[in-house]
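The values are calculated or read from the model by the stated rules, or taken from the named source; none is laboratory data. Here the structure is a predicted model, which means the values were calculated and not measured. Cβ coordinates were reconstructed from backbone atoms using ideal geometry, including for glycine residues, and neighbour counts include every protein chain displayed.
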């Protein structure tokens, strides 16, 4: 009776310990190295292998070996020899690729240490724990890949890439930015714009950063960047950055050198201005033609309305034509002129006087009745001008008196 009472608490303790092992998410087992069998295991191992407790008791080691990748299985012998020489508490670690039940290949982080020794002190049983680290390793690989790609972009991208914390210290800097300011690789990290740019330029950058932090939205601008070869212009977009491990207030930016684009724009604007000027000259020539009709005789037919700029152009064209053709008579035909005011009348008088200084007489033709009345009402002095009713009359006069 006493023996039974003694065994019941011991059996209850063993059952409690097994339940604790079965509740653990990691794979746990004890392997007898001499007899190559499992002497204890938890439910996680049975689930991973898809075996019953009885199957594990009969062929546990073989079932384990069948799941392990052949290349990794070959290294287990070296691990076993390492364990034989291990001291108590010394842990041997490894990573093994294995196939779980109904799944593809998984990666396990395995820890092994001596669990029991024989009478000679040699390791007889080892305790194994294994954790599925497949997803963790995949996340790490993705992270490393992302870091490698980011580093490659930062080292080779022709644009400027950078990120700053809420105090303006650089968290990320592309090699292109380091080259712009003449900094050694990695030397800008932890420093601010004030360490590399003139105070007024650094102040502009800081103001934009603060605006991005305040609005929490991207901001686009054209930034001046000092350079050894002269100031350059960059198109910049800055935006707030959030994420795990990033303090609030971080700002990142991408800047593209648009100096050549701005130079091309200025060239296009200059070319456009030249084209407009040439077009205006052509238009003036078309609306103010000067026609040599006979030796020493020019005709300038005028149409439309006049302003001060056009009146000045007419006088200039007339004088150039008189000089170029050595004209003695210049006929100004105003048949197509819509109206005559003081400025137009004064222009006609000025043209006649200026042509007279070059030795040419001006004949005014095509005066309509309404224009004649206007000239009288304005009391315009037309002395020095010969008037004819029609262009034909003016031409006849010119041919007779040239």
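Could you look through the stretch 150-188, keep only residues that are within 16 Å of the chain's Cα centre (by Cα) and assigned to a loop (DSSP other than H, G, I, E, B), and pick out the one that is farthest from residue 245 (Cα to Cα)?
158
Quick one: is residue 328 under 20 Å from residue 396 (Cα atoms) and modelled with pLDDT of 85 or more?
Yes.
Checking residue 35 against (1) at pLDDT 85 or above; (2) surrounded by 13 or more Cβ atoms within 10 Å (Cβ to Cβ); (3) under 13 Å from residue 126 (Cβ atoms), only one condition comes out false. Which one?
(2)
Residues of the stretch 323-366 being in a strand (DSSP E or B) and surrounded by fewer than 18 Cβ atoms within 10 Å (Cβ to Cβ), which ones?
Selection gives 335, 336.
Report, by residue number, each residue of the stretch 109-123 that is surrounded by 14 or more Cβ atoms within 10 Å (Cβ to Cβ), modelled with pLDDT of 90 or more and farther than 24 Å from residue 22 by Cβ.
Hits for the stretch 109-123: nothing passes.
Would you please list the contacts, defined by Cβ atoms under 7 Å and residues six or more apart or on different chains, that run from a residue in the stretch 75-92 that is over 15 Å from residue 34 (Cα atoms) to a residue that is part of a helix (DSSP H, G or I)?
92/79; 92/82; 92/83
So for the stretch 203-210 (the condition being over 27 Å from residue 143 (Cα atoms), assigned by TED's automatic domain parsing to the domain that holds residue 181, in contact (Cβ under 8 Å) with a residue 40 or more places away in the chain and assigned to a helix (DSSP H, G or I)), does at least one residue qualify?
For the stretch 203-210, residues over 27 Å from residue 143 (Cα atoms), assigned by TED's automatic domain parsing to the domain that holds residue 181, in contact (Cβ under 8 Å) with a residue 40 or more places away in the chain and assigned to a helix (DSSP H, G or I): present.
Can you spot a residue in the stretch 219-239 that is within 21 Å of residue 153 (Cα to Cα), modelled with pLDDT of 85 or more, out of contact with any strand residue (DSSP E or B) (no Cβ under 8 Å at 6 or more places or on another chain) and assigned by TED's automatic domain parsing to the domain that holds residue 192?
No - not one qualifying residue is present in the stretch 219-239.
Cβ contacts < 7 Å: first residue part of a helix (DSSP H, G or I), restricted to the stretch 374-402; second residue surrounded by fewer than 17 Cβ atoms within 10 Å (Cβ to Cβ) and at pLDDT 80 or above, any location; separation 6+ or different chain. Result?
Qualifying pairs under 7 Å: 391/335; 395/293; 399/294.
Can you tell me which residue among 96, 56, 107 is in a helix (DSSP H, G or I) and in contact with a strand residue (DSSP E or B) (Cβ under 8 Å, 6 or more places away or on another chain)?
Going through 96, 56, 107 in turn, just one is in a helix (DSSP H, G or I) and in contact with a strand residue (DSSP E or B) (Cβ under 8 Å, 6 or more places away or on another chain): 56.
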